[in-house]
There are 2 protein chains.
Amino acid sequence: MLDITEVVRRSGVPASTLRYYEEKGLILSTGRRGLKRIFAPGILDQLALIALGRAAGFTLDEIGEMFDAGGEPSIDRDALSAKADELDDTIRKLSAMRDGLRHAAKCPAPSHLECGQFRRLMNIASARMRVEKKRGAQEI
Amino acid sequence: MLDITEVVRRSGVPASTLRYYEEKGLILSTGRRGLKRIFAPGILDQLALIALGRAAGFTLDEIGEMFDAGGEPSIDRDALSAKADELDDTIRKLSAMRDGLRHAAKCPAPSHLECGQFRRLMNIASARMRVEKKRGAQEI
DNA sequence: CCTTGACCTCAAGCCAGCTTCAAGTTGCAG
DNA sequence: CTGCAACTTGAAGCTGGCTTGAGGTCAAGG
């Protein structure tokens, strides 16, 4: 059994965040010593899992749905696949962007506006903005 | 010369956003007809460029510094390179994440917690969180 | 037993990048 | 000239994921 200080020390997650996660229902403290929260050791895995989810682009609400009542993970494999596909898409876009930037950085055109590739990038970016307005922003 | 409605129609950027950008100093309206803003046609390129910058991960403030007094772009090629490098880094992280998710989705371990690769991912994600706390979050 | 400092709660604040609202002004069609 | 839709302003609100602050409680060490 761990007190909050110990959880902070071992997970690197600030106490304020732990309280916030508990309030949101993402984690559970297993009891109190007086007012003070006590956590089961499993909390550390759970926090690592939350960190992973965040890094993968899940929202806290989505992550909350990945735990059963006991705090054990029960992650839908289809959801993982879907998120992987989403990441793939993001990666493709970012790669195109990176290549365009790389080109612009060494393009000899006096102004970037005179570079065909740069203009293509600009057009793609504004087209994407339009789409995201319509379809409720993805991410990135 | 374009009125705001025309700019909205041709750029897809909402009027509220145009006013916000002007207030922020990112764009300039070239005059007024009565109270109403009038824009030079160049605004369309400028908005496309802003969209591109946003998509590449620049903040509005950073983008603001990319225009000279006349609204002409004057983009530091080094900044573009640096942003490209940053994107590369992001892409690498996302790729690792995607591969891990993909694996977890088809991993036969009864619980994800029992899968070595999944646990490695978890640990990477929580280690990254710690670092980002210390060094003031990048993006993604 | 008393102090102390680590914990607690609840509410408010912060960030970026907008959007929305209420109330006021105006260009222009009829 | 009138009416009204389209524009204007400034301020406030929103989203997500926290952090911060004020003020309160309590377990443990001296």
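Taking springs between alpha-carbon atoms closer than 10 angstrom, which of A:G34, A:G53, A:G42 fluctuates most in the Gaussian network model of chain A?
A:G34
Taking the Cβ-Cβ separation of A:T59 and A:T5 as r and a Förster radius of 25 Å, what is the calculated FRET efficiency to the nearest 0.05?
Details: r = 28 Å, r/R0 = 1.13.
It comes to 0.35.
Counting other C-beta atoms within 10 Å, which of A:S126, A:S16, B:S29, A:S95 has the fewest, and how do the rest follow?
A:S16, A:S95, B:S29, A:S126
Past 26 Å, Cα to Cα, is the threshold; run A:K93/B:K83; A:K24/A:K83; A:K36/B:K93; B:K24/B:K83; A:K24/B:K24 against it and keep the listed order.
A:K36/B:K93; A:K24/B:K24
Among the aspartates and glutamates, which fall within straight-line cross-link reach of B:K106, defined as a Cα-Cα distance under 16 Å, with same-chain neighbours fewer than 8 residues apart omitted?
Cα-Cα hits under 16 Å: A:D76, A:D78, A:D85, B:E114.
For B:G25, place a label point 7 Å from Cα along the Cα-to-Cβ direction in every copy; what are the distances to the other copies, in nm, shortest first?
In ascending order, 4.6 nm.
For peptide A:111-117, how many partner chain Cβ atoms fall within 10 Å of a residue's Cβ, on average?
On the way: counts 4, 9, 8, 0, 0, 0, 0.
The mean count of partner-chain Cβ atoms within 10 Å per residue comes to 3.
If you take each beta carbon of peptide A:43-56 and count the beta carbons of other chains within 10 angstrom, what is the mean?
6
Between the label point of A:D89 and that of the same position in each other copy, find the distances and list them shortest first in nm, with every label point placed 7 Å from Cα along the Cα-to-C-beta direction.
Ordered by increasing distance: 2.7 nm.
Can you give me the C-alpha center-to-center distance between the stretch A:1-57 and the stretch A:67-103, rounded to a whole angstrom?
About 25 Å separates the Cα centre of the stretch A:1-57 from the one of the stretch A:67-103.
Please compute the average number of Cβ atoms from other chains found within 10 Å of each residue's Cβ in peptide B:83-90.
5
Sticking to Cα atoms, compute the Rg of the stretch B:2-64 to one decimal and its Dmax as the biggest Cα-Cα distance, whole number, in Å.
Looking at the stretch B:2-64, its Cα Rg and Dmax stand at 11.3, 37 Å.
Please arrange A:I50, B:I75 by how many other C-beta atoms lie within 10 Å of their C-beta, fewest to most. Working shown, then result.
Numbers: A:I50 26, B:I75 20.
By the 10 Å Cβ count, ascending: B:I75, A:I50.
For the rotation bringing B onto A, which B residue has its Cβ nearest the axis, and at how many Å?
Per the B/A rotation axis, the closest residue of B reads B:I91, 3.
What are the radius of gyration and Dmax of chain B, computed over its Cα atoms and given in Å?
Reported Rg and Dmax, both Å: 21.9, 70.
Using every alpha carbon pair in the stretch A:77-135, what percent of pairs falls into each 10 Å bin from 0 up to the bin containing the largest distance?
21, 37, 27, 12, 3, 0
For A:E72, which inter-copy label distances result when the label point lies 7 Å beyond Cα on the Cα-to-Cβ vector, reported in nm to one decimal and in ascending order?
6.8
Taking a quarter of the surface of the Cα convex hull of the protein assembly as shown, what do you get in nm²? Walk me through the numbers before you get to the answer.
Values: hull surface 72.2 nm².
Result: a mean projected hull area of 18.0 nm².
Throughout, read-outs are computed from the coordinates displayed, never taken from laboratory work. Computed from a prediction, not measured in an experiment: that's the story for all the values here. Every residue, glycine as well, gets a Cβ built from its backbone with ideal geometry; the counts of neighbours run over all protein chains shown.
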